[in-house]
Structures are given as structure tokens and as C-alpha cells.
Amino acid sequence: MQHPPDASDPGGHRRVASATPLAVDGLEQSAVPTLKVMRLQAPQLGQPTAGALLSSTHLLSSTLLLPDSFGVIHMGETFSAYLGVLNPSPDMPVRGLTVSAQLQTPSRRIVLPSRLDNTPCDIDASGGVDAIVSRRLEEVGPHILRVEVGYVSNGQKSLRKFYRFNVTAPLNITESVTRGGDAACLVSVTVENVMEKQGAGGGALTISDVGFEATKGLIAERIDRQGNRNEGEKASALEMYDACGRLEPGECYRYLFSVKAASEAAALRGIACGDDLGQAVLTYHKAMGELGKVYSSVVVCPPTSYLSQRDAGSGEEATTSNFVVHRSGLSVDVAAASAQRSMSGQRNNEGSLDERLPVTVEPIDPPSAMKLSVPEKISLLIVNHSGKPMNLQLQLRLSEMTGVVVCGPSYVSLGEVPPSGGSCTIDVRLVALVAGLFSVKGCYIVDLGSGREFPQPALFDVFVKLQNGAEEEKKC
């Protein structure tokens, strides 16, 4: 593709138009300008062909290859184009020149600003003007660079040129989210290089930076192996290679982020099902240093698995599932469903989470381990999500408790709990009878006014350990 002559050429091959706008007479003759457009991009390293005087260990030569047409363009790269308008006439100027550029994407049309966007100007004979336009590509699909040049010659005239090119995705980004409590989530981001392999080393890229832009009110922190390495411990060769971020076509890498509430007020509200968590942001470099930045889709908080596991069974069968309340976000989801139903004006919706579970019981910092035959105090938070006050009673039914049972009163009256988020806290004592891993089950809330029972899912999992004396006796 031919390059327009440089405006700073000392040989004087062309003269740049004056920056001062000139008066234009619509009846005067004007030369017809010539438009040249070229994409600005890095070249590629050539590869040896058959018969080349290179050893088998030389995969690339020192020759630089210019790309064909607009070359391969990937989402996240910055598209830059050189616009040159020349006056081919040796004795006639171009009058009233205007230049405009637009980039048409699959969804919209974007104006590309340049230094030629000002008021019309004239180009002297054999002169020219030029400019560079740039735009980061944010969509996949066909794009069109539309360039229009206007000039005055016996009236207003114009010429247009269209340059079509396709933008492809260099990376396939998938996300999965796990609830980590009422105000925390774990976000796993998997990145796969989906570029086509182009000879030796072609199609590979290096991910130089990975981050997660959390929604306002939340903060994100990356979890990696390097942060957990002990002082003085050296990284292995495999860890160093993984940390460099290089991905060949078809390879993938996974990143893990912890997203939490940024303030105490946000923590009290919690992260409910459907809340936006943010977006993953990745910066990559291609073989010749081309820089690109891509964003994942907006990551949202998933619902708890309570309803899906409850619908799989019925009645007491649902309470035998492996779902536990602790760190599941169930209470936050119920509160959000109740608030949404109140705002929408719906009165009864049997499929709503707050209708199925109008009262929730959540353990407060339960232990992950207990000692055999040693009672331990557990604090429980009871929340009334319904629209009316309830006279409630907490029941821990021994017939449904295994391994870990209640120690002391199993039925405790809570009194009247206010509606719409009213709550109370109560302490109960539990004791482990058998060593092993168990789920604390058998919790029910009873509305003494209506006699309605609300069976609760398993509250938390706990590992019961043998005492030292019992362990030594068992070894003997």
C-alpha cells in the first residue's frame, strides 16, 4: 500500500495547507483530492521457507513482513488508521476541504476525532494534509471505517470510501461464582486463547495484567499461590512459567478473586442473588508487542441452592440434602426477595423464596470443629422476613439430629418477633456424641399463633475430634 509523502520532507515534495481557514467561492474551480487510508500496525517476523540457508533451530528470520490488507484485528486492540488527502493537481488548489471519519460497529456508529475536524481549509497545488484516527475495539464482528472528504468546486462535492474488516475475539472468558457468606463471593475466571495458530510461535499471546473491577460498594482481591508462599521459599519452574501469563492457542488459565463488601454498611446489607459483582479485566500483548485490553461480561451473584435441592425432594426428604445455611447467603436472598415482593405490590407468591421460608435461622460464627463429649455454646440469629409479627418458638428435635445433638432445653420460646426483618438472638448448647463429620440438623421454627411450622435447612457442618486421651486409648 502506498505511503503518502511526509509533510516534513526536506525535498519539498508537497506543501501543507495553511492552518488559517480561507474564504471559498462556491463557483470557483477546485482540483479533485485523492484520499489514501492505511492501517497503522506492527509488522510480523518472517519465517524461513524451503531452501532457506537457516538451520533447523531457527524458527524465525530477521525479515519483517507487512500485513495484507488490514491484517488480523482482535477485540481489545486499538485500531489506528492514517488518513492522507493529496492534491494531485500541479497548478490548481483544492478548495473548502473537510474530512470526517466514522467507525461503524455491529451495534453503533462512532465518530473518530482528528485534527482535520476543524473548519474547512484549502490545499495548495501538489500539497496535502494528513491525520491519524484511533479507537479501541470493544465488539466482535464486522466493522466499517467510513471516510468522507468534502470540497467545493462549482458547488459542494464529496467523495466517500469504505474499508471493511472483521474483529475477532482473542480470548474466551468464562466465569463461575461461589457464595462465601452473606457479604462475600469467590469468582473464578477461566481464560482460553482462541486465536488461530499461525506458524511457529504465531497466535500466542501473553497476559500481562489481570484484575477485577468490583461494583461500587465492593472490593476485589486476587487469590494466588505466590501470596501464600513462605518467606525464603523459591517458586518452581512450573509456577514461574504459569505466572508469566503466556498462552499458546488452545491453552487456558484460571484466576481466582475474592469479592467482599467494602464497608460495614454494605456488609450489613449483604450480597444478594442477582447483585452485580463487577467485571474481570485482562491486558494482553501479542507476538510483536501489540497491546489489547478485554473485559468479561458482568458477573452477578448466583442464587443459593436451597430451592433447587428442596424441589428435588419434599417435606423431610429436602432436609436430608447437603445444603447448609452457614456461608450460603440464604438469609440475604430471603430478605431481598421479601423487599422485591413488597416493592412490586405482590401479596402472595408461593414460588417466592420468602414465602417458602418466611423465617430464617442462621448460626453466628459456628465452630468448624468440636471435641467429643464437650458441650459448646452456639449463637443463632432468627429473622422474621414476613409482613406481620409472629410469636415464635425455636425447636431442636432430637429425632432428626445425628452425631451432634442439643444439650439442655430443646424448645425455646422467642416471644413476638417484629415483621420485615425483625430479629432476635438466642444461645443454645450442642454436644458431640460421635467422632466424624456431621451436619447440625433438626431445627424448626413454629408460629405459636397459627401453629405453622417452618423446617430449617442444616445450620452448619462440623468436624468432631477425639480427645487426646481417647486417641491414645484407641491406638493401644
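The figures follow:
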| read-out | value |
| --- | --- |
| In order through the stretch 148-162: 3J(HN,Hα) via Karplus (6.51 cos²θ - 1.76 cosθ + 1.60), integer Hz, x for Gly, Pro | 10, 10, x, 8, 10, 8, 6, x, 6, 10, 8, 9, 10, 9, 10 |
| Leu437-Met343 FRET efficiency (beta carbon distance; Förster radius 56 Å; 0.05 resolution) | 0.85 |
| The stretch 374-476 - accessible surface per residue (Å², probe 1.4 Å) | 51 |
| Solvent-accessible surface (1.4 angstrom probe) belonging to Val99, in square angstrom, nearest 10 | 10 |
| In Å², nearest 10: area of Leu398 left accessible to a 1.4 Å probe | 100 |
| Anisotropy class of the stretch 119-195 from Cα gyration tensor, a/c 1.5 cut | prolate |
| Three-way shape call for the stretch 146-299 based on the alpha-carbon gyration tensor, with the a/c threshold at 1.5 | oblate |
| Förster-model FRET efficiency, 41 Å R0, Thr168 and Asp427, C-beta, rounded to 0.05 | 0.10 |
| Using θ = phi - 60° and Karplus 6.51 cos²θ - 1.76 cosθ + 1.60, couplings along the stretch 455-460 (whole Hz; Gly, Pro as x) | x, 9, x, 4, 6, 6 |
| For the stretch 76-166, accessible area per residue (1.4 Å probe, heavy atoms of protein chains only), Å² | 46 |
| The stretch 103-227, accessible surface, carbon-and-sulfur percent (1.4 angstrom probe) | 48 |
| Accessible surface of the stretch 330-449 [probe 1.4 Å, protein heavy atoms]: carbon and sulfur percent | 50 |
| Estimated FRET transfer efficiency when R0 is 45 angstrom, pair Glu213-Asp91 (beta carbons, to 0.05) | 0.20 |
| Point-to-point label distance, Lys197-Val374, nm (Cα→Cβ direction, 7 Å offset) | 5.8 |
| Amide H contacts under 5 Å for Met370, placed H, 5+ residues apart | Phe463, Val464, Lys465 |
| Note, ³J(HN,Hα) from phi for the stretch 248-259, Karplus 6.51, -1.76, 1.60, rounded to Hz, x at Gly and Pro | 7, x, x, 7, 9, 8, 10, 10, 10, 10, 9, 10 |
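The values are calculated or read from the model by the stated rules, or taken from the named source; none is laboratory data. These figures come from a predicted structure and were not determined experimentally. A quick note on method: Cβ atoms are made from the backbone with ideal geometry, for glycine too, and the neighbour counts reach across all protein chains shown. To get the accessible areas, we keep the full protein, side chains included, count just its heavy atoms, and leave off ligands, DNA and RNA. Shrake-Rupley method; radii C 1.70, N 1.55, O 1.52, S 1.80 Å.
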